[in-house]
1. Among the residues of the stretch A:157-178, which ones have their accessible area go down by 20 Å² or more when all the protein chains sit together, as opposed to their chain alone (1.4 Å probe)?
2. Can you tell which of B:Phe662, B:Ala747, B:Ala768 lies farthest toward the positive end of the dipole of the stretch B:624-771, using +1 and -1 charges on the Cβ of basic and acidic side chains (Lys, Arg; Asp, Glu)?
3. Please give me, ordered by residue number, the GluC sites (Glu not before Pro) of the stretch A:263-347 that lie in loop per DSSP and have at most 12 other Cβ atoms within 10 Å.
4. Just the number, please: buried accessible area between B and A, total of both chains, 1.4 angstrom probe, nearest 100 square angstrom.
5. Please give the average number of partner chain Cβ atoms lying within 10 Å of the Cβ of each residue in B:902-908, rounded to a whole number.
6. Enter the mean number of other protein chain beta carbons within 10 Å of the beta carbon of each residue in B:857-866, as an integer.
7. Please compare each pair in A:Lys131/A:Lys158; A:Lys131/A:Lys168; A:Lys190/B:Lys932; B:Lys676/B:Lys932; A:Lys96/A:Lys158; B:Lys659/B:Lys720 to a cut-off of 23 Å on the Cα-Cα distance and tell me which ones are over it.
8. Note the full-extension length gain between A:Thr317 and A:Glu264 as 0.36 nm times their separation in residues minus their Cα-Cα distance, in nm to one decimal.
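The values are calculated or read from the model by the stated rules, or taken from the named source; none is laboratory data. On a predicted model such as this, the values are computed, not experimentally measured, just so you know. Reconstructed Cβ throughout: ideal geometry from the backbone, glycine too, with neighbour counts over all protein chains shown. These area figures cover heavy atoms from the full protein model, side chains too; ligands, DNA and RNA do not enter into them. Shrake-Rupley method; radii C 1.70, N 1.55, O 1.52, S 1.80 Å.
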Amino acid sequence: MKNKLAIFLSIIALLVIALFWRQMENRTTPTAHFPVSNALATKNVTSASTELQQATIHSNTFQIAEQTQQDSTTIAEEKARVILKSRNLPIDFWGKVIDQDGMPLPSVKVESRIRHWDFAAKINPNGTMIKKETTTGADGQFHISGDSGDNLEIKVVKAGYALEPNMKLDFGYGTADRFNATQENPMVFKMWKTNIHEQLIVGNNRFHIATDGRTYIINLTKGTIAESGEGDIKVSLTYSAQITDDQSNNWLFEMNAVNAGIVEETDSHSSMYAAPEDNYTPTFQFNQRIRNGQRGSTGERRFYIRLKNGQEYGRITIEVFAPYNDKIPGLVDIQYAINPTGSRILR
Amino acid sequence: LAGNETTTNFNYTVDYSGVTNPPALTLIWPQNNALVSGCNFTIQAQVDDATATVTASVTDTNGDTNIVPALVERNGAVWVKDLPLSSGTNIVTLTATNAAGLGIVTNFDVVQSAVSVTMDPLPDNELNQALVTVTGTVSDSSYNVWVNGVQATVSGDPTWEADNVPVNPTGTASFTVEAGMNLDSPLSGKTVALEQPSVVSVISQHTNYEDVLTVHNFCDGTDFISTYTEALDWTMGIGGDSWWFTDYFWSGETNGSETNLSAANPPAPPWLYATTQQPDYHYVPNGESETCDGLQSDSEITTQTAKTIIELAAGGPAQSGAAELVRLTVQVNSGDVPFPVSSARILGQAPTPMETNDEVGELYVSVPVGATENITPVVPGADNYTFNVQATNVTLQLAVDANRDGNITFDSQDQTTAANPYRFWLNNDYDGYDSSIEDYDDLDPSTGDDATNTTISCTRDLEDYTRLWLNTGGFVPQLESGEFIAALEWKSTTGNPQIRVFPAADWINGGATYLTDTNMAAAQLESPCGEAMQDVNGQETVTTNAPFLISTNYWYDWANGTATNFLLFDAVGHGSGQLVLAIYNSDGTVKLAESQPIYLDLQDVKEMYERWTVGDDPNTAPLTTASVVADPYSYDSTIPADNTYILFVHGWNLAPWEKDAFAETAFKRLYWQGYKGHFGEFRWPTGYGFTPIIGTITDARNYDNSESNAWASATGLLNKLNDLNTIYPGHVYLMAHSMGNVVAGEALNLASNQVVNTYVAMQAAVPAHCYDSTTANRVTPTTPDRYAYYWTDSSPSYFNSSAGAGTYVNFYNINDWALGWWNVDQNFKPDEGLAFPGYYYSTPSDTHPMGFYKIIGSDDINLFFPTNTYEIFAYADPAWSYALGAQADVNGRFSGNQVDLFSSPYGFGSEHNGHSAEFNSDNMNRAIFWNKLIEEMGLSQ
């Protein structure tokens, strides 16, 4: 799609044309069948007569009865206004800023932009941005409310601190976006003192592996994989194209930490800058059933890892594919960062 | 008297009757059944009749034959260069035919090896050694390597080193590198050889005395003047302690016999001994001396010169007009004291001053390829001295990333040939800032053309530039000073190939980070890197008209202190040819040398990918068979490509040029990911041109009309996918954007078997419930959700049984801007009375059995599943779900294969430009997307 603004503008035109067509048709259409929900607008041109051109848009929140004898441009603008407003949902957002240790950060400047839709003289396909600014309180919390729109952007600023990257700063309303931002359960933004840095061993490797269940050992320090020797992670992949109806799975990936443990990170917006202290487990397993011709995948998985009996911490992102292609039976795509000092800081 | 003419006619009869034998043809390399590494090879042979015509034909396993004429030197040496080497067995036929038409044929097979073997150039200081150390790489460390029969040590990383390799001490030295698995010697089985034996130029040296004597016979008052020559050859390296008279002549006397003169204290190689002047030489004829009038009749030496001649041999086949540049370094010791060397004399020319640095004289001389040149260091004032002369080829080389592995090398890995040139697209799109999406994009090419820009317009423009490496052999100081001028020039062109060159901002490494790193890209845009270089004559384009003489400024400003320096170029003229790096004299009038060419083919990007369409008029129903789009260029099917095919399906609201622009961006960004397979675009008749207000009003219901066309285009797409899967079985990949996923999803749903390896849905504008009825409800209208339950309430989802692809991957963005508006459009279904006809839904009844109907005039027309499915979906049935492209964790066919475009590292966000983010912005920001796409398709290495 390009110039998607045309979607609603086209609908405006539809309404206009509909009026003319109804005028020509001289008949009454059925009543509306579409009960609107979620405060989203729907369209329903109700009736037209030879003498009265009338268009109505029903919704839970908007209903406009058009005046007669309006020119088409005016009608279109009215429809556009209604459609645009339908995108605007109340914004009531609670957030909380904490530091790297989880302590509330007061006096953080919070800038916000709410994308609001209205029919200005000149339509901006990106909407009108309502800019607001507030400051966190002693408990690190802030509150944004009183306006409506379909998207909220947050920016937090405090001298001597930097926001953890990858944090979710963009929040959709009326979309599939799901987030908690209530007073009881505010959206958390973590900031780090800018002087906290550690030397990390980083790597990004793609390894080819067999899918017969044999064990491979990945050495994160060296960035190597082998079927024997020393290393940090043992991985194995078992896949069989032959599967019976009573067999639930034919694809199994196992990852075992050697003298170590792992904790999966499920928050896709976490930067994984601090490894947790505990809750490490030695093993991760992922199994599934894949069809013949399908490429199985673990999906992108992220883990904290505690190595060498707790002497080192790190984070890894791993995705495993099999069967990968004609030449590569199994593919391990792994990125990692290890702090060899024993600190749990991974920044 | 003027004007008188006399004509004499002669008749000659060419009689070949005495010629009864064909020429004798001896194959030197490669031998029959040789396993050869690489994608090209060179045949060396010898024919006993230098006037014979020799041709080579190579037939690959597909039966494709290339016939290449050979170059036959005057000595009968035969060279057939750059023959294509395909996988499997290549059948070679070498034919020599003499003037009488008698021919001889030699057949042999050459097999391309999967093992790659390379040899590093020999270091300068080894060129005149009898035994040298040779290094290189072998891709399979289990192979043993031999060089000229000497087994190398294979380290496995993947280098090898062979020590004490014997070298032909004079003339041209050849190295044959062979690799074999589990073999004790290179001759005991199949071996893998380099594409061609590496050739280096070496020198022979001899010292030559020319004495001119005047003999006064005081007895009879006559002078007898005579000359004789003593040629003293030094045999390099071997037995290097002897001087040899090879010719000894004195006029009027019998030739002298060969005499061995031993040097008193021969210096250690590579130092040689020379004498420029001998003591007065008194000649006594017949061993007697006569005295007349008290004077002794004696000889006098009037002149005596000695010159140490360095014979240079530029290796390889002779080529008309081609020359190599040779660097001479000369050191002279008189006794143990270094002696300055100020000049050298090229035979027949005045002495040329040498650059002297630390008493090492340095001089560059030009030697015709395939010929020899005699060079004489001039050592005035020295009598007996030792000298060390080293002559090395100045390696002039150009290189591009021909194998597209991200690295550039000057060896066979990035070798280009006439049959396999480096192809690059013309920079004739129009990259710029698109205010409608607040991002960089392809702008309407009818309003601008980057080929007319002499600057790099924006970071997006950079994906239309590629790297060009220059190896000037280390005489950058001479280029800085203007003593020489380096030039780029075209040879053997077809069409009108033109490029513009730019200094690489990464002047240290010459890397490709200008494509991936925002900081490097920004630096590349800054002046002067962002401005096309001007040559010394002010021209900004490398054309076929004249050499592009690189100004001294480039070398001052951007040379990195090594022999290799870096440029970027974009193509601005369509055509092909050979590009060479040439060296000219200081005023640019005399070419001294040139590199081997790189073969370039500069094409319109539309020749580099395939375009199919089932129609582009949104008011005409799509065809069921796709046709080729050939305007203004059609696909060049001769372009070599891997046996994979990615087909791209575009989305809504794209004019035909925009469809191509999206496809071309995808093609280019996949190219920069190293994708080497085929790429195609599938066009379908979406509506387009919906600019605010006016355009929209004049084409109502445009989105739903386009969606209707999308559903109806699926049959044409499936037919094309079936065709492609026949050609590339199991290796067809499908990627669709936005509404293109209606086309793609339905095509795969219609497929009775798997025709696509992997289908990637990008920001798909199709209900998520088509694949997974369990994803969240967005709304719950009274209209049934026939996407989730098709077409009864107890049925599975519409695409539940989609069998057309092996793997389905969903690239989604929960806050996608356009898919938010998609929700609005869905809410307006059924399209009641908006335009002719109006669509409605009521509770199923006898009047409306399935609930969906439309009104045309005074008639209610019922709509039925499955007959009217496309019409119902496009106009009447709103999706309860979000779009697939805005929904996480979609199960069914997409189970487990989700890529979140909203989050890091993709960060497509919620703005307008995020919906087509992979096509807009620049490669620095979007490469990570395309990398992921390749990985998900199973095409990563």
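1. Correct list: A:Asn166, A:Asp170, A:Gly174, A:Thr175, A:Ala176, A:Asp177, A:Arg178.
2. Toward the positive end, the furthest listed residue is B:Ala768.
3. A:Glu277
4. 6800
5. What the average comes to for B:902-908 is 4.
6. Averaged over the peptide's residues, the number is 1.
7. Among A:Lys131/A:Lys158; A:Lys131/A:Lys168; A:Lys190/B:Lys932; B:Lys676/B:Lys932; A:Lys96/A:Lys158; B:Lys659/B:Lys720, the Cα-Cα distance tops 23 Å for A:Lys190/B:Lys932.
8. Here the answer is 18.1 nm.
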